[in-house]
Structures are given as structure tokens and as C-alpha cells.
Amino acid sequence: MFGIRYSPRLFASLHSLLRFVTANHGARTSDLAKALLIDMSTLTNQQSLGWIAREVAEDRRERRWVITREGGKRFDQAIPLWERAQAELDEKIGAGDMRRQVHGHHRSCSG
């Protein structure tokens, strides 16, 4: 399910990353890793698309992640497509069933 493509070059996993970075401008790598269960190599791969970027924080030893102009544009374009994909899943699976599956997945991942 997490590899569902709902837009050219934009998978559900990348959408989650863009959504998180947009909502948490300047998030640390550890924040992203914990929230999205991803590692630095994944972030570096996503950075190569040019949709997210690392910036030097006040503490120069630390890097913060931000969404780029192109990433923001892609994210804005993807929102209606994401909403349509969510509605289709809700219709096929049932909104209540989907929420139970997602919450059950999160519980199993968090230990």
C-alpha cells in the first residue's frame, strides 16, 4: 500500500515526506526518521529530486530539512490527487476499515 503511485513521480511515501516537511519546516533528520520510519539514505535520495533540501541550522553541526519551491509546487498539485486516491480507497475498503488497518499498522510498528 505504501508504494501506491497516485501522481507521476509522486508515491505515497514521498507525499508523506513532503507533508511532514511542509508542516514541520526545519525538521531535524532525527525528527523525520522517527516520524516517518526512514533513514538518511532515503532522505538523500529524495533530496536528489530537488523537492526537499537540507539547510544549516543555528547550531552549525545540525542540518534541518525544508521543502523547496519545486517541492511545494509538486505538493500543492498533488493534494487533490491524494484526496481522490484516499476517497477511492475509502470507497473500496471502507473508511472505518482503513482507519483500523492504519492504526493497527502504527501500533505494530511502534512496538
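General remarks:
- For the pair residue 89 and residue 19, a Förster radius of 25 Å applied to the C-beta separation gives a FRET efficiency near 0.90, rounded to the nearest 0.05.
- For 38, 52, order by how many other beta-carbon atoms lie within 10 Å, fewest first: 38, 52
- Cα-based shape type of segment 23-75, given that a ≥ b ≥ c are square roots of the gyration tensor eigenvalues and the cut on a/c is 1.5: oblate
Read-outs: derived from the displayed coordinates by stated rules, not from any lab. Given the structure is predicted, the values throughout are model-derived calculations rather than measurements. Here the Cβ is made from the backbone with ideal geometry for all residues, glycine too, and neighbour counts use every protein chain on show.
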